[in-house]
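Shown next, in structure tokens, is the structure this report addresses.
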Amino acid sequence: MKWRAAFLIVCAWALPVPAGAAQGVTQCHLKSDFRGAVDQEGARAAVRRGDAAPFEKILNEARPRIQGEIMGQQLEQHRGVWLYEFRVLAPDGHIKYLHFDAKSGRNVELTAAACES
């Protein structure tokens, strides 16, 4: 499990900050930005609270925009924004991580940005 966390951190540095959280402003991307994924009960609680839409709704919104086979998915929080993350085996054989806003289903790009003191 440690390798997965390390892999996700490395991927996070190579990917785009949630546009919804930043309102179009590039933000410093820190390890502490990720609150981590929740388990099934945590996902149910997020849906009950209204923090996230049911997975099926987001999958229906996201599926037309996903090129490849979905290998896994999880609900996670990044800078206070709930996101569904899809691990996708792309047609070129690469694994890609795609993120969608958990309320609207809108595609969210996470980008690494240099931190300014």
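Note on segment 42-51: residues that are surrounded by 14 or more Cβ atoms within 10 Å (Cβ to Cβ) and free of Cβ contacts under 8 Å to residues at least 12 places away in the same chain amount to 2.
Per-residue answers, yes or no, for (1) at pLDDT 90 or above; (2) of a type in the set (D, E, K, R); (3) out of contact with any helix residue (DSSP H, G or I) (no Cβ under 8 Å at 6 or more places or on another chain):
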{"residue": "71", "(1), (2), (3)": "yes, no, yes"}
{"residue": "79", "(1), (2), (3)": "no, yes, no"}
{"residue": "82", "(1), (2), (3)": "yes, no, no"}
{"residue": "90", "(1), (2), (3)": "yes, no, yes"}
{"residue": "96", "(1), (2), (3)": "yes, yes, yes"}
{"residue": "112", "(1), (2), (3)": "no, no, no"}
{"residue": "115", "(1), (2), (3)": "no, no, yes"}
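Taking the stated definitions as given, is residue 58 in a strand (DSSP E or B), at pLDDT 90 or above and within 19 Å of residue 109 (Cβ to Cβ)? For residue 58, the condition - in a strand (DSSP E or B), at pLDDT 90 or above and within 19 Å of residue 109 (Cβ to Cβ) - is not met.
Considered as a group, the residues in segment 52-108 that are touching a Phe, Trp or Tyr at 6+ places or on another chain (Cβ under 8 Å) and of a type in the set (Asp, Glu) include one that is surrounded by the fewest Cβ atoms within 10 Å (Cβ to Cβ), and that residue is 61.
If a residue must be among the β-branched types (Val, Ile, Thr) and closer than 17 Å to residue 50 by Cβ, how many such residues does segment 68-100 contain?
Qualifying residue count, segment 68-100: 1.
The values are calculated or read from the model by the stated rules, or taken from the named source; none is laboratory data. Not measured: the values here are computed from a predicted model. So basically every Cβ, Gly included, is an ideal-geometry build from the backbone, and we count neighbours across all protein chains shown.
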